[in-house]
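The values are calculated or read from the model by the stated rules, or taken from the named source; none is laboratory data. A quick note: this is a predicted structure, and the numbers were derived from the prediction, not measured. Here the Cβ positions follow ideal geometry from the backbone for every residue, glycine too, while neighbour counts run over all protein chains shown.
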């Protein structure tokens, strides 16, 4: 996705990522609002997973708009291992990015982040959420379907690095009890431990 939309916690910018435990049941992750102190870790992942990574300045701009932005990070110890963002437009939320340190793939970091991001969308009173995902990224599409996103269209040649098409997906009924039940079911299926820090009561 292109800006602002795309699908001391960071450690030194060039530091190797912390390795995940072999047993998913031993995963212990903290999800917290993204702060400036996390950005070195965020940018480290950004440079590894995106052909056209966002800059420090762009992230600072996004974090400076809390009325219409939600950004979260997942930490393992002192290291950022994933992050996700949401832009608010009226009653809609636009998922701007979801990224995970490659070593932490298949440990449901993206699931933990998206779960909390969508709960923040619900708390804001949003009715719908949307995102773009690469046409070829079937794994991400499967994740988004778990959260109730369904295909709604295509953006031709959306990704500037290789001109790949984007699949547009929408989730509706975020304020409905059935959606809360969906999120609760996803949460129950996540192995290991997820702790929340830094959120207002």
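Brief remarks on what is shown
- Exclusive hit being more than 15 Å from residue 34 (Cα to Cα), in contact with a strand residue (DSSP E or B) (Cβ under 6 Å, 6 or more places away or on another chain) and part of a loop (DSSP other than H, G, I, E, B), set 153, 148, 93: 148
- Considering residues of segment 161-196 that are exposed (fewer than 10 other Cβ atoms within 10 Å of the Cβ) and at pLDDT below 95 only, the residue nearest to residue 33 (Cα to Cα): 161
- The set of residues in segment 48-66 that are part of a helix (DSSP H, G or I) and modelled with pLDDT of 95 or more comprises 56, 57, 58, 59, 60, 61, 62, 63.
- Residues that are within 30 Å of residue 155 (Cβ to Cβ) and either in a loop (DSSP other than H, G, I, E, B) or at pLDDT below 65 (or both), drawn from segment 1-44: 1, 2, 3, 4, 5, 6, 7, 34
- A count restricted to segment 67-79 and to residues that are modelled with pLDDT of 95 or more and either surrounded by fewer than 18 Cβ atoms within 10 Å (Cβ to Cβ) or closer than 22 Å to residue 94 by Cβ (or both) stands at 8.
- Among the candidates 142, 123, the residue that is under 30 Å from residue 200 (Cβ atoms), exposed (fewer than 13 other Cβ atoms within 10 Å of the Cβ) and out of contact with any strand residue (DSSP E or B) (no Cβ under 8 Å at 6 or more places or on another chain) is uniquely 123.
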